[in-house]
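Following: one structure in structure tokens, then a few remarks.
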Amino acid sequence: MSKRLLVSALAMLALAPAAYAEPVIKAPAGAVRGVEVGGLQVFKGIPYAAPPVGTLRWKPPVAAPAWAGVRDALDFGPACLQPKPRPGSIYASPLKAFSEDCLSLNVWAPDKAKKAPVLVWIHGGSLIAGSSAEGMYDGAALAKQGVVVVSINYRLGVLGYMAHPELSAESPDHVSGNYGLLDQIAALKWVRANIAAFGGDPANVTIAGESAGALSVMYLMASPPARGLFHKAIAQSAYMVSTPMLRDPKFGHIPAETMGAATAAKLGAKSLAELRAMDAETITTSALMAGFQTFGAVDGKVLPKQLVDTFDAGEQAHVPILAGFNSGEIRSLRFLAPPAPADAAAYEKEIRARYGDLADDFLKLYPSTDVAESVLLAPRDALYGWTSERLVAKQTAAGSQGYLYYFDHGYPAAEAAGLHGFHAAELPYVFGTPDKTPPAWPKNPDTPAEAKLSAAMTGYWASFARDGVPAAKGEPAWKPYGTARAYMAFVEGPQPGAHLRPGMYELNEAVMCRRRAQGDTPWIWNVGVVSPPLPPGVTQCR
């Protein structure tokens, strides 16, 4: 090797440790070693609770055991057990490992951060799938905006949400289920106790999530044990559906304990001991095949009431919220769309038979002139649009600021697949991760316009986490919802507006109110031509 090449090689070796240093953080939970790259310190796979295995299966999380010395935090922990994704799903990520021992979190922190705002990300996946290790959730871009980003795993499916009479009997509070939600609360407690060591401010924490992650955000806002653990909330494509009660058959739901007991019987388990002795992967797959439905349970303790009742009473966490939905939510979730009738006349006949005095309002929003589009828009609005506006409206009424958004952006690959503004399409823009989407995801283009939109959304989200007001350099001011019902649309770029989809919120609010008064039918799921006939208005409902 020439002298010049030798000097060059030595220089590169000298630079390598600076580019990929291994910082060590001495947190109260224990010392961890991460990696420093690009001005950020990154730590992965940190346990925040003990492995929920053996006798700890179907129990609230307990503190993680202490470790000696410095623990490597260089790789993501395994994802919580979950069924295999549907073949060809645009949401399927190539995750490396799955385990029942999965309660870990990850931290992206700006180098030399001090009292930085903290954003805790809760992944989606219908409470049965997903992981904090998904590439699309990489926190680097937000961390470069001065935010400490934490992403978490939590128990899923039957292992995370099964209630059972025997589980309730062994509980000091005489309740069961909601273990995945309790995991999220445990992670927030870990953040409160430890995040200052990473440069975060435990007094400035934002919880954020998309889809089931946004449902979790609402659960956390409603849950007394979570009170005071966060100070702002972001809910992307949330759905404020009716929720099973622990023991009572209400709103058309099987009680959570009854569902758990039936599932255990179908699995052939005669006792809790047998259930806890069964293979976790077998339980996960078999329970899904047996019809187990994964939701939180209204138990009077962790979830005191139906979400709609909690928010109506103003008993939710009074924190600023940023909430919104996407224009094409159902385009990638077509199993949520009702079948299209044979023609416009059949469609209109069905709507009038099912919606009665509200039929004209329904048909104005979802007309028979374009049935194919109407059967996509009606469930979109009932699930995601109504919920998003309800969240900002209720927070505003409670004295906290609410910010509403509408993501209506398309790009060539999504348009070619008929997926304009599809469910979760905003995520690569918020996280700045267009190159880290799942393999079957419509590929995001690498253009200056796309980068500009992503920078705007990342900026708005980071600003909201910092001080509760979404703002992005060089972009329009985002006004709070307020009396003008302001919102921000993301089309080719940010576009401020007022009163998104007039009549949509009022219609779906009336439907929910009547279903709740009726007491034996879920709201939101059965929409349009599959809606059970709507009961007439009552005093408290339109």
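Only the coordinates and a few stated rules stand behind these numbers; no lab work does. Quantities reported herein were computed from a predicted structural model and do not represent experimental measurements. When we count neighbours, we look across all protein chains shown, and the Cβ atoms used for this are built from the backbone with ideal geometry, even at glycine.
So what is the relative contact order for the chain, in percent, with contacts set as C-alpha pairs under 8 Å and at least six apart?
14
Provide the three semi-axes, in whole Å and in decreasing order, of the ellipsoid equivalent to the stretch 500-542 as defined by the square roots of 5 times the Cα gyration tensor eigenvalues.
17, 14, 8
Can you compute the equivalent ellipsoid semi-axes for the stretch 74-147, i.e. the square root of 5 times each eigenvalue of the Cα gyration tensor, sorted largest first and rounded to whole Å?
26, 13, 10
Work out the charge dipole of the stretch 437-495 with +1 on the Cβ of Lys and Arg and -1 on the Cβ of Asp and Glu about the Cα centre, then indicate which of Trp478, Gly493, Met457 is farthest towards its positive end.
Most positive-ward Cα: Trp478.
Pairwise over distinct Cα atoms, reciprocal of the mean inverse distance: report the Kirkwood radius of the stretch 57-214 in Å, one decimal place.
Every distinct Cα pair counted, the radius reaches 16.6 Å.
Hey, what do the phi angles of the stretch 317-334 turn into as Karplus ³J(HN,Hα) couplings, whole Hz, using 6.51/-1.76/1.60 and θ = phi - 60°, x for Gly and Pro?
The phi angles translate into 4, 8, 10, x, 9, 10, 9, x, 8, 10, 5, x, 3, 7, 4, 9, 10, 5 Hz.
Give me the net charge of Ala498's neighbourhood, meaning all other residues with Cβ under 10 Å from the Cβ of Ala498; Lys, Arg count +1, Asp, Glu -1.
After counting each charged neighbour, the total is +2.
Could you name the lysines in cross-link range of Lys270, using Cα to Cα under 25 Å and dropping any fewer than eight places away on the same chain?
Within the straight-line cut-off, Lys270 pairs with Lys59.
May I ask you to list the residues of the stretch 446-463 whose amide nitrogen lies under 11 Å from a point 7 Å from Cα along the Cα→beta-carbon direction of Val491?
No residues fall inside that zone.
In the stretch 255-295, how does Rg compare with the Kirkwood Rh, expressed as the Rg/Rh ratio over alpha carbon atoms?
0.93
As a test of the definition: which semi-axes, in Å, follow for the stretch 113-192 when you take the square root of five times each eigenvalue of its alpha carbon gyration tensor? Largest first, please.
Result for the stretch 113-192: semi-axes of 31, 16, 6 Å.
For a 19 Å ceiling on Cα separation, which of these pairs sit above it: Lys112/Lys473; Lys44/Lys473; Lys112/Lys452; Lys232/Lys479; Lys232/Lys394?
Lys112/Lys473; Lys44/Lys473; Lys112/Lys452, as the Cα separations exceed 19 Å there.
Can you spot the lysines whose alpha carbon is less than 17 Å from Lys114's alpha carbon? Ignore those fewer than 8 places along the same chain.
In chain and number order, the partners are Lys26, Lys144.
Restricting to the stretch 400-542, compute how many DSSP beta bridges are antiparallel as a %, nearest 5.
Counting only bridges with both partners in the stretch 400-542, antiparallel ones make up about 60 percent.
Rounded to whole Å, give me the distance from the Cα center of the stretch 310-344 to that of the stretch 113-188.
21
When all C-alpha to C-alpha distances in the stretch 167-269 are sorted into bins of 10 Å, what percent of pairs does each bin hold, rounded to whole numbers?
Final binned percentages: 13, 36, 31, 16, 4.
Given the Cα atoms of the stretch 198-352, and with Rh set as the inverse mean 1/r over their pairs in the Kirkwood sense, what is Rg to Rh to two decimals?
Rounded to two decimals, Rg/Rh equals 1.05.
First select every other residue whose beta carbon is under 15 angstrom from the beta carbon of Pro320; then total the charges, Lys and Arg +1, Asp and Glu -1.
+3
Skipping prolines and chain starts, which residues have an amide H placed within reach, meaning under 5 Å, of the one on Leu40, given they are 5 or more residues away or on another chain?
Asp111
Note down the relative contact order for the stretch 141-184 as a percent, whole number, built from C-alpha pairs under 8 angstrom at least six residues apart.
With pairs under 8 Å counted, the relative contact order is 36 percent.
Test of understanding: what is the full-extension gain from Lys114 to Glu506, defined as 0.36 nm times their sequence separation minus their Cα-Cα distance?
136.7 nm
Under 20 Å from a point 7 Å along the Cα-to-Cβ line of Arg86: which residues of the stretch 327-344 have their amide N that close?
Inside the label zone: 327-341.
Calculate, in nm to one decimal, what Asp357 and Thr539 gain on full extension: separation in residues at 0.36 nm each, minus their alpha carbon distance.
64.0 nm
Rounded to the nearest 5, what is the percent of antiparallel bridges among the DSSP beta bridges in the chain?
The answer is about 40 percent antiparallel.
Among Leu307, Asn178, Pro341, whose Cα lies farthest out toward the positive end of the dipole of the chain, if unit charges sit on the beta carbon of Lys, Arg (+1) and Asp, Glu (-1)?
Going by the charge dipole, the pick is Asn178.
Can you run phi through the Karplus equation (6.51, -1.76, 1.60; θ = phi - 60°) for the stretch 365-370 and list ³J(HN,Hα) in whole Hz, with x for Gly and Pro?
7, 10, x, 6, 6, 9
How large is ³J(HN,Hα), in whole Hz, for each residue of the stretch 39-48 in order, when computed from phi with the Karplus curve 6.51 cos²θ - 1.76 cosθ + 1.60 and θ = phi - 60°, using x for Gly and Pro?
Rounded to whole hertz, the list is x, 10, 10, 10, 10, 10, x, 7, x, 10.
Restricting attention to the alpha-carbon atoms of the stretch 236-279, what are Rg (one decimal) and Dmax (integer), both in Å?
14.0, 41
Ranked highest first by the average count of other Cβ atoms within 10 Å around their residues, in what order do 424-432, 380-388 fall?
By packing density, highest mean first, the sequence is 380-388, 424-432.
Treating only the Cβ of Lys, Arg, Asp and Glu as charged (+1, +1, -1, -1), what charge dipole size does the chain show about its Cα centre? Round to the nearest 20 debye.
Here the chain has a charge dipole of around 1040 debye.
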